[in-house]
Amino acid sequence: MQKAPVLLLDDDDAFRGWYASALHDDLGVDVAVAANVGEARQVLERGGESVRVAVVDYQLADGERGFDLLPDLRPRGIFTFGLSGYASADLALAAVHVGCRWFYPKSKPHLDLLMCAIAAALRGDLDEEPVEIPQHWGLPKRAAEVTALSFKGLKTENIAVSLEIEEPTVRRHRAEVLERSGLPYWELVLAFLRTWQTPRAPHGGGSREGR
């Protein structure tokens, strides 16, 4: 029975072995690996109570999608990162829709960031960190607050109650964010922010502004 705090679902044998070893060597964590959704579900059935973080490749062999595992992960409260060999806004948006917290392309710099994010998730730090919003958007305070609460998963009615404003006001602030960010719709704003966040490295981290 394989029990580990991290589940890695990827159909590329070489990548799966290399990244699992890197996580073990750099973070000191055991990694349960799976090449397809069926194997990943077996890991969850046999030792799923120990899995706290999942890294899920979008496109698997034979047309299978790794994101099909998300309905099994969400009820368990497993912090999930999307992964793909292809980087696109559409894939990032798809990852957001199915419940991934962030989406990473399979490039070395992004995989390094992913490792930092996994470490932060295992420490329980990510949900405590403030949402990082691009400064060049120039958002007013209230629009930034609406954006941050939306990023954390709150719906329009919940945001209105939290900020003590009306629901049409929430929608107005979102429209202002769209205008200032230059993004065409709200889901893409959230997808963009998921790729914009800078998880803290084990010994600290910096801001994306000015990079």
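Across the stretch 89-125, what is the total count of residues that are under 15 Å from TYR19 (Cβ atoms) and either hydrophobic (A, V, I, L, M, F, W, C) or outside any loop (DSSP other than H, G, I, E, B) (or both)?
14
When you scan the stretch 70-77, do you find a residue that is under 25 Å from LYS152 (Cβ atoms), under 19 Å from the mean Cα position of the chain (by Cα), without any contact (Cβ under 8 Å) to a residue 40 or more places away in the chain and not in a helix (DSSP H, G or I), even just one?
Scanning the stretch 70-77, I find at least one residue that is under 25 Å from LYS152 (Cβ atoms), under 19 Å from the mean Cα position of the chain (by Cα), without any contact (Cβ under 8 Å) to a residue 40 or more places away in the chain and not in a helix (DSSP H, G or I), so the answer is yes.
Filter the stretch 91-116 for residues that are modelled with pLDDT under 85 and among the small types (Gly, Ala, Ser); which is farthest from ASP68 (Cα to Cα)?
It comes out as ALA92.
List every residue pair whose Cβ atoms sit under 9 Å apart, with the two residues 6 or more apart in sequence or on different chains, where the first one lies in the stretch 53-67 and is touching a residue at least 24 places away in the same chain (Cβ under 8 Å) and under 16 Å from TYR86 (Cβ atoms) and the second, anywhere, is among the basic types (Lys, Arg) and in a loop (DSSP other than H, G, I, E, B).
As it stands, the answer is ASP57/LYS106, since those pairs meet every condition given.
So which residues in the stretch 55-69 are of a type outside the set (A, V, I, L, M) and under 15 Å from the mean Cα position of the chain (by Cα), if there are any at all?
The answer is ASP57, TYR58, GLY66, PHE67.
Output the residue which, of all residues in the stretch 138-155 that are in contact (Cβ under 8 Å) with a residue 40 or more places away in the chain and not in a helix (DSSP H, G or I), is nearest to GLU176 (Cα to Cα).
LEU139
Conditions tested, residue by residue: (1) crowded, with 20+ Cβ neighbours inside 10 Å; (2) under 18 Å from ARG52 (Cα atoms).
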{"site": "ASP72", "(1), (2)": "no, yes"}
{"site": "SER107", "(1), (2)": "no, no"}
{"site": "ALA117", "(1), (2)": "yes, yes"}
{"site": "ALA144", "(1), (2)": "no, no"}
{"site": "LEU154", "(1), (2)": "no, no"}
{"site": "GLU167", "(1), (2)": "no, no"}
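May I ask you to list pairs of residues, at least six apart or on different chains, whose Cβ atoms are under 9 Å apart, with the first in the stretch 106-120 being more than 18 Å from LEU9 (Cα to Cα) and the second being in a helix (DSSP H, G or I) and not small (Gly, Ala, Ser)?
Pairs that qualify, where the first residue is more than 18 Å from LEU9 (Cα to Cα) and the partner is in a helix (DSSP H, G or I) and not small (Gly, Ala, Ser), are ALA120/LEU126.
Out of the stretch 156-200, which residues are hydroxyl-bearing (Ser, Thr, Tyr), modelled with pLDDT under 95 and either over 27 Å from PRO105 (Cα atoms) or assigned to a loop (DSSP other than H, G, I, E, B) (or both)?
Correct list: THR156, SER162, TYR185, THR198.
Looking at the stretch 43-65, which of the residues that are among the aliphatic types (A, V, I, L, M) and outside any loop (DSSP other than H, G, I, E, B) is modelled with the lowest pLDDT?
ALA61
From the list SER107, SER84, pick out the single residue that is small (Gly, Ala, Ser) and in contact with a Phe, Trp or Tyr (Cβ under 7 Å, 6 or more places away or on another chain).
SER84
Take ASP68 and tell me if it is modelled with pLDDT of 90 or more, surrounded by fewer than 21 Cβ atoms within 10 Å (Cβ to Cβ) and under 28 Å from TYR185 (Cα atoms).
The answer is yes for ASP68.
The values are calculated or read from the model by the stated rules, or taken from the named source; none is laboratory data. Note that the structure is predicted; figures quoted are calculated from it, not measured. Neighbour counts are summed over all protein chains in view; Cβ atoms, including those assigned to glycine, are modelled from backbone coordinates with ideal geometry.
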